[in-house]
1. Over 23 Å, how big is the tail of the calculated P(r) for region 24-139, in percent of all Cα pairs?
2. For region 118-235, count all C-alpha to C-alpha pairs, find those more than 21 Å apart, and express that count as a whole percent of the total.
3. Using 0.36 nm times the number of residues separating ALA338 and ILE59, minus their current alpha carbon distance, what extension gain do you get?
4. Most exposed first by the Cβ proxy, i.e. fewest other Cβ within 10 Å, how do ASP138, ASP345, ASP260 rank?
5. Let me check I've understood the local charge: for GLY350, count other residues with C-beta under 11 angstrom from its C-beta, Lys and Arg +1, Asp and Glu -1. What total comes out?
6. What number comes out for the charge environment of GLN221, summing +1 per Lys or Arg and -1 per Asp or Glu over other residues with Cβ under 15 Å away?
7. Compare the Cα positions of ASN76, GLY106, PRO93 along the charge dipole of region 67-118 (+1 at Cβ of Lys, Arg; -1 at Cβ of Asp, Glu; about the Cα centre) and return the one farthest towards the positive end.
8. Report the label-to-label distance for ALA188 and ALA21 in nanometres (one decimal), using points 7 Å from each Cα along the Cα→Cβ vector.
Amino acid sequence: MSNEKSHPPLGPVSAALVEKARNFYTLNYKPREMILDRGRGAVIYDLDGNDYIDLGSGIAVASLGHCHPRLVKILNKQSKKLWHTSNVFYTEPPIRLAEKLVELSGFARRVYLCNSGTEANEAAIKLVRKYAADRGRDPSHREIISFAGSFHGRTLAAVTATAQPKYHQGFEPLPPGFVYCGKFNDEAAISALVNDKTCAIFVEPVQGEGGVVPAKAGFLQHLRMLCDKVGALLVVDEIQAGMARTGTMFAHAQDEVAPDVVTLAKALGCGLPIGAMLVGEKAAETFQFGSHGSTFGGNPVMAAVALEAITILSLPQITKNVKERHIQLFKSLGEINAEFDLFSDLRGRGLMVGAELKTAYKGQANAIADLARKEGVLVLIAGPDVLRFLPPLNITERELNKGLLRLRNAIVIFMQEFKPPAA
């Protein structure tokens with residue numbers, strides 16, 4: 001076990017800022033009690049000078065780490081030229097970005113740029129229904145199917161597409177026309193739901209918020225077949241799993257499936273807010289003038305950085321590092337599990353990995369993550385029972401090893417302090 005000391009309590013400036021946040025923010029977040037201040041690569045520092053190995057990447061956003069020098073250079077260059085024009089006018093960066101996304105995807109014909117993953121999914125919801133309407137389907141035949149454990153965003157339509165009731169509570173009435181398949185990775189369950197009312201199936205190749213659950217072999221191909229059978233569109237939500245996170249630029253490539261729509265965000269801007277909807281040939285002409293829009297979508301600053309980001313993420317050394325660090329991460333988590341018997345399952349693709357807690361430790365993922373933070377490593381959770389690891393894709397072997405040693409320190413403390421609930 002490392003002899004590094006746990007981080008001390010908050011300094012006075014940090015404590016005062018945390019208190020201000022509690023007073024002035026709406027209460028929909030519960031951030032950990034720290035003030036992050038600066039970062040470089042996979043290391044991030046708080047205002048008190050403590051360093052952390054970042055194994056969360058801002059929920060799969062900072063996939064090239066913090067302040068990557070090539071991205072900083074592009075950001076500075078574009079910020080001195082032009083910030084915003086709206087989509088009343090063309091600018092060069094979003095055109096170049098759209099071209100690159102079409103080229104990399106292998107299936108897309110057109111691209112819609114927006115500001116977030118939720119907005120990309122909102123656009124996809126509107127697109128698939130417009131596609132159905134254009135083919136004479138009445139509103140009762142424009143149903144969208146999604147899966148238990150899915151997560152597609154927080155706006156009202158996107159959260160309704162998210163088949164997790166906990167996100168719906170208090171926001172009813174929800175928009176109609178959404179159907180939930182109660183079992184992900186179950187061909188029989190989804191086959192029983194698809195009919196002539198279905199206009200689209202939304203699916204994540206790896207469910208992120210639902211516990212880091214990959215689609216099993218052949219499942220996305222089965223969805224493709226069902227969509228083709230009833231004239232529906234297959235929408236693949238790669239907001240978390242895409243952009244090289246799982247070892248290929250697009251996660252669905254590993255499933256050898258051709259989608260009709262792919263939604264992207266998070267790592268697309270590697271820290272700056274941008275989203276995209278990629279549309280294949282079938283629905284490429286569905287959005288016409290006035291169908292949809294975004295004031296900030298395709299902002300030249302965000303687009304310039306995103307173009308550079310995906311250029312870097314496409315490099316062979318990134319793919320190689322993802323594969324090597326995947327092996328390292330699984331090996332180290334396996335060794336931790338052999339020592340502490342903490343996990344019931346380790347799963348995921350590339351550097352999108354979940355460690356599910358055994359029954360005896362159910363509900364303790366957040367407690368472990370907070371202890372990890374105090375030991376100098378940032379990890380995420382995917383629900384109350386799963387530790388989630390989404391490190392930068394260019395994290396080094398040494399940095400990952402250091403972060404996992406700190407995680408082990410936190411688990412030692414957790415095992416000493418944990419008191420199982422009374423029977």
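1. Values: 3783 of 6670 pairs.
Tail fraction, whole percent: 57.
2. Details: 2233 of 6903 pairs.
So the pairs more than 21 Å apart make up 32 percent of the total in region 118-235.
3. Working: separation 279, 0.36 × 279 = 100.44 nm, distance 2.74 nm.
Working it through step by step, the gained length comes to 97.7 nm.
4. Working: ASP138 9, ASP345 15, ASP260 27.
In increasing order of surrounding Cβ atoms, one gets ASP138, ASP345, ASP260.
5. Working: positive: ARG245, LYS323, ARG325, ARG349; negative: GLU324.
Counting the neighbours of GLY350, the net charge comes to +3.
6. Residues near GLN221 contribute -3 overall.
7. ASN76
8. Reported label-point gap for ALA188 and ALA21 is 4.8 nm.
Read-outs throughout are calculated quantities, based only on the coordinates presented, and are distinct from any laboratory measurement. Keep in mind it's a predicted model, so treat the numbers as computed, not measured. As a convention, Cβ positions derive from the backbone with ideal geometry for all residues, glycine included, and neighbour counts pool all protein chains shown.
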